[in-house]
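The structure appears right after this line, and notes come after that.
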Amino acid sequence: WRERDAVKKMYLAHVMCWPPYENQKLEEGTIELPLAASRTERIKWEVRELDDGGKPSTTKWKIYKEDADSAEESTKEGVVLELHPITGRTHQLRIHCAEVGSGIVGDSLYGDSPVPWDAGNPAVLRLHAQMLSLRHPRSGEQMTFKA
C-alpha cells in the first residue's frame, strides 16, 4: 500500500471557489504543499515548510466534466474537481482545496462554506471517493472499483 504507483485513487470534491479555474482559466494542475500535524489543534493538520517538520504532499486536480456544458454551468453553483492524491497525508485533499480555493463544501474543519448541521439533516462533506485501482495481490490483475 505504501508504493505510490501501486494504488491509484480519484475523488470528486465540490468547492464554491477555485481561483486557478475562475481567474486563470486553468482546467488542471498540481498542488504541492507540505503538511504536518497542527501544533495547536489535536485533530487538525496544517501547511508547514519541509524544514519545519512538513512532509511532502502532492495532489493532481482537474475540473470534472460530465459533458461539454457542465464546466460552464459549474461556476454558478461552485466547481466539481477531480482530485488524484499522489501522496496520502491525513486530510490532504481537504487542506489542499482550502489553501488554493474555498475548501470543500461541508468541511467544517478546513473549508469556508460549512453546511449547518442538525440531527434531522446531518451535514455532508462534499468529497466522494470515485475510483480505487490496484493490482490483485495474488493474480497481479489490475482491479478498478468505482462508486
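Quick check: anything in the range 16-33 polar (S, T, N, Q), within 24 Å of LEU132 (Cα to Cα) and at pLDDT 90 or above? Please lay out each step first, then the result.
Applying the first criterion (polar (S, T, N, Q)) to the range 16-33 yields 23-24, 30.
Subsequent filtering for residues that are within 24 Å of LEU132 (Cα to Cα) retains 30.
With at pLDDT 90 or above added as a condition, the list becomes 30.
Yes: one or more hits.
Grab the strands (runs of 3 or more DSSP E) fully contained in the range 11-67, keeping just those with 1 or more residues being without any contact (Cβ under 8 Å) to a residue 40 or more places away in the chain, open to solvent by less than 90 Å² (accessible area, probe 1.4 Å) and not hydroxyl-bearing (Ser, Thr, Tyr). Full working, then the answer.
Values: elements: 28-32, 35-37, 45-47, 58-63.
It comes to 28-32, 35-37, 58-63.
Report, by residue number, each residue of the range 75-97 that is free of Cβ contacts under 8 Å to residues at least 60 places away in the same chain and open to solvent by less than 30 Å² (accessible area, probe 1.4 Å).
Matches in the range 75-97: GLN92 only.
Got a sec? Which of LEU125, LEU50, LEU109, LEU81 is touching a helix residue (DSSP H, G or I) at 6+ places or on another chain (Cβ under 9 Å), of a type in the set (A, V, I, L, M), more than 15 Å from LYS8 (Cβ to Cβ) and at pLDDT 95 or above?
Numbers: LEU125 fails: at pLDDT 95 or above; LEU50 fails: touching a helix residue (DSSP H, G or I) at 6+ places or on another chain (Cβ under 9 Å); LEU109 fails: at pLDDT 95 or above.
Unique residue meeting the criteria: LEU81.
Do we find that ALA98 is modelled with pLDDT of 95 or more and within 26 Å of GLU28 (Cβ to Cβ) in this structure? First the steps, then the outcome.
Values: modelled with pLDDT of 95 or more: yes; within 26 Å of GLU28 (Cβ to Cβ): yes.
So ALA98 passes the test.
If you take the residues in the range 68-78 that are in a loop (DSSP other than H, G, I, E, B) and of a type in the set (Asp, Glu), which one is modelled with the highest pLDDT?
Here is the first cut: in the range 68-78, the ones in a loop (DSSP other than H, G, I, E, B) are 68-69, 75-78.
From the residues that got through so far, the ones that are of a type in the set (Asp, Glu) too are 69, 77.
Working: ASP69: 56, GLU77: 81.
Of everything passing the filter in the range 68-78, GLU77 is modelled with the highest pLDDT.
The values are calculated or read from the model by the stated rules, or taken from the named source; none is laboratory data. These numbers come from a predicted model, not from an experiment. Cβ: placed from backbone, ideal geometry, glycine included. Neighbour counts: every protein chain shown. Surface accessibility is based on the protein's heavy atoms, side chains included, excluding ligands, DNA and RNA. Shrake-Rupley method; radii C 1.70, N 1.55, O 1.52, S 1.80 Å.
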